[in-house]
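Q: After the structure tokens below, expect a handful of questions from me.
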Amino acid sequence: MTKILMKPRIALIVMFVLLFSMAFYFDDVSTIYHGYIAILRSPSVLISDYLEIGGLGATLFNVATILLINVVMISYLKMKMSGPVFAGILTIAGFSFFGKNIFNTIPIYIGIYIYARMQSLDFKSFFIVVLFSTGISPIVSFMIFGVGWADWFGLSPFWNYWIGVPAGVVLGLITGFVLPAFGAHTIRFHKGYNLYNIGFALGVLSMLFSALLRSFHFIDLDQGGPTSEAFHSELLLLTIVLSLVFIAIAYVNDLQVHKKYWSLMKSSGRLVSDYIRDYGRSVSMLNVGVLGIMCVIILWVLNFEINGPIMGGILTVMGFGSFGKHPRNCLPVMFGAYLAVVLTDHSFDGIGMMTALLFVTAVAPIAGRYGVLIGVLAGFIHVVITPLALVFQEGGFNLYNNGFAAGFVAALMIPFLEAITKNNGEEEEEQ
Amino acid sequence: MSKQEIKLLTKIIRELSLYMLMHGYRKFSLTTEYGQSETRFLLKVQGLEESLKNHIKEKVNREREIEVETYGWELVGDVDSHSELEILGLLVDYVEISEDGEDTVLTFVRKSMYKEKK
């Protein structure tokens, strides 16, 4: 029995049941249906808070269905729930609060499938890329629902879909097709110190799409909308419950799990760190839960209210608890990000800086490897670079904007840090 | 053998060489034997410390994960730390360690998991 309970897959199924039940607890079927259609038909570019667009019930339904589809896909492909896979699933769930839905993710998956077939490789060998690839899914929705093809060609609105659907699907397929090779290449740019590597690769592609669309002078690329903080209490409760579920699963399996936690916290977290493989499921699940509680405390201290993007940030931080993040490497970069906001012209009034405080943990391995002070510096640089990164990706097609920024932070810092480290970078033994 | 597989094998050779040099071993030989079903890397080194043998065994004898391999293989051979071999462990199935007089012979085995293109 405990062997079943200890599986991360079970935690995800519990999460699905929780999200699905909450959706129908807070809203009736009709509200969820209409909200869900509104979500599917939104351009979904940064920042499209599905809580604002479709309401709480529909958003939770969207998250639950996306979660279920990916868990089923993992089971169908007979994949092991490794650390990166677990992180990918929670990241997808998180971004399903603001940008990902069943409609705009599928063409990208198919693009990767075609690439795998052409390379005579198993689709599942690219599954990490598959999971993180959907960060650029808004390009699909935008081409279908955001461009307004009929107006531009002077046709009836009927043509919006006849032109938009093929355009969106083809662009999604192309993105998926080029991503596996491109993602493997970009990892060298930051040497594995940006945990959102695919976010960086997608940022470069997004930059290309933005430039192409902007060159045609007919598309309004700034379509992000307001966020909704109306469901703060419900989402706070959800985060706390989920965190406790993960912690409980860790303790059900191993009552002494906390004694092994320090060995995980000594790791740098640099890619490719599979905590489930290296430290075991129990310690990883404890880390996931602790990171969730850590996020709740930070939000409470800074008096942030949870909306779609912040919920996405929390789930992403939690997910990477099995793939490179832990409080010891996250807190310094988060503190650096906080300092950058309070000491510069930035402020926490806008959603950008609030989410940056969570997504700055992409560069957590820098703190894990080079210590607290360098980590604080990395967090600081990340926050000042992030708004610039968004300028390059005008249109908001890359949901992992912070991953794009984090790539530059790591690429700026790591070569210098490696050069000046006297002992060639000897770090603490990890076990 | 695909171009990617060739690149990957050379990265493994690079990582093993770097690892030895960074740990202060100046005299070692590395032989590669490529076969259809597996590739073997034979690393012969004099006076290899017991702690290092254990470290290599621990890092390399973990289960191979193909999805992680395709994601992170470009990082192999980019060692900046004595305690690396993390990613190498994802690319190599197992290591056998034997003694030959004063020398230690480490045989790293990577099984072929990719289908060859016709």
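What follows draws every value from the coordinates through simple rules; no lab data is involved. Computed from a prediction, not measured in an experiment: that's the story for all the values here. Positions of Cβ are generated from backbone atoms using ideal geometry, with glycine treated the same way; all protein chains shown enter the neighbour counts.
Q: Given 25 °C and 0.890 mPa s, compute D for segment A:167-305 with the Stokes-Einstein relation, Rh being the Kirkwood radius over Cα pairs; round to the nearest whole µm²/s. Mind showing how you got there, number by number?
A: Working: Rh = 18.8 Å.
Roughly 131 µm²/s, to the nearest whole number.
Q: As I understand it, the dipole of the protein assembly as shown uses +1 on the Cβ of Lys and Arg and -1 on the Cβ of Asp and Glu, about the Cα centre. Which of A:S228, A:G308, A:V63 lies farthest toward its positive end?
A: So the residue we want is A:V63.
Q: Can you compute the modelled spin-label distance between B:N54 and A:V72, with each label point 7 Å from Cα toward Cβ, in nm?
A: 4.9 nm
Q: When a footprinting reagent is the concern and you count Cβ atoms within 10 Å, what order do A:H258, A:H382 take, fewest first?
A: Placing the least packed residue first, the sequence is A:H258, A:H382.
Q: For A:S233 and A:L412, calculate 0.36 nm times their separation in residues minus their Cα-Cα distance, and state this gained length in nm to one decimal.
A: Numbers: separation 179, 0.36 × 179 = 64.44 nm, distance 3.95 nm.
60.5 nm is the gain from fully extending A:S233 to A:L412.
Q: Further, regarding this structure: Using the crude model of +1 on Lys and Arg Cβ and -1 on Asp and Glu Cβ, and no other charge, please compute the dipole size for the protein assembly as shown relative to its Cα centre, in debye to 20.
A: Dipole of the protein assembly as shown, to the nearest 20 debye: 1060 debye.
Q: Based on DSSP H assignment, which helices of chain A show an axial Cα extent of at least 20 Å together with a mean Kyte-Doolittle hydropathy greater than or equal to 1.6? Working shown, then result.
A: Working: long enough: A:8-26 (27 Å, 2.06); A:50-76 (34 Å, 1.53); A:102-118 (24 Å, 1.11); A:159-190 (43 Å, 0.98); A:197-215 (28 Å, 1.45); A:232-253 (32 Å, 1.89); A:281-302 (32 Å, 2.03); A:327-343 (23 Å, 1.29); A:372-392 (30 Å, 2.50); A:401-420 (30 Å, 1.36).
Qualifying helices, which must be both long enough and hydrophobic enough, are A:8-26, A:232-253, A:281-302, A:372-392.
Q: Got a sec? Charge dipole of the protein assembly as shown, +1 on Cβ for Lys and Arg, -1 for Asp and Glu; which of A:I136, A:I47, A:L291 is way out at the positive end?
A: A:I136
Q: Given the Cα-Cα distance of A:T421 and A:I110 and 0.36 nm per residue of separation, how much length would full extension add, in nm?
A: Full extension of this stretch gives 107.6 nm more.
Q: Let me ask something else. Rounded to the nearest Å, what's the spacing between the alpha carbon centres of segment A:353-383 and segment A:187-260? Just the number, please.
A: Value for the Cα centre distance between the two parts: 15 Å.
Q: Run the simple label-point estimate for B:L42 and A:A181 please: 7 Å along Cα→C-beta, distance reported in nm.
A: Spacing of the two 7 Å Cα→Cβ label points: 3.7 nm.
Q: State to the nearest 20 debye the size of the charge dipole of segment B:1-94 about its Cα centre, where the only charges are +1 on K and R beta carbons and -1 on D and E beta carbons.
A: Details: 13 positive and 17 negative charges, 103 e Å.
So the magnitude is around 500 debye.
Q: Project the alpha carbons of segment A:2-215 onto their principal axes and report the range along each, largest first, in whole Å.
A: 63, 47, 30
Q: Name the residue, out of A:V301, A:V241, A:V45, whose mean-square fluctuation peaks in a Gaussian network model built on chain A with Cα pairs under 10 Å.
A: With Cα springs under 10 Å in chain A, the top fluctuation among A:V301, A:V241, A:V45 is at A:V301.
Q: Please report the net charge: other residues with Cβ closer than 12 Å to the Cβ of A:F189, K and R +1, D and E -1.
A: Local charge sum for A:F189: 0.
Q: Still on this model: Quick one: net charge around A:M334, please, counting Lys, Arg +1 and Asp, Glu -1 for every other residue with C-beta under 12 Å from its C-beta. Walk me through the numbers on the way to the answer.
A: On the way: positive: A:K325, A:R328; negative: none.
In short, +2.
Q: Given Cα pairs under 8 Å that are at least 6 residues apart, what percent is the relative contact order of segment A:100-185?
A: 44 percent
Q: Next question. In percent, what relative contact order does chain A have, based on Cα pairs under 8 Å that are 6 or more apart in sequence? Walk me through the intermediate numbers first.
A: Working: 823 pairs, mean separation 89.8, N = 431.
The normalised contact order for chain A reaches 21 percent.
Q: Related question: Taking the Cα centre as origin and putting +1 on Lys and Arg beta-carbons and -1 on Asp and Glu beta-carbons, what dipole magnitude results for segment A:268-396, to the nearest 20 debye?
A: Roughly 540 debye, rounded to the nearest 20.
Q: Taking one equal scatterer on every alpha-carbon of the protein assembly as shown, how large is log10 of I(q)/I(0) by Debye at q = 0.06 1/Å?
A: Per q value, in the given order, log10 I(q)/I(0) is -0.29.
Q: Pairs to check: B:K3/B:K44; A:K78/A:K266; B:K53/B:K111; A:K80/B:K44. Give those whose C-alpha atoms are more than 24 Å from each other in this structure.
A: B:K3/B:K44; A:K78/A:K266; A:K80/B:K44
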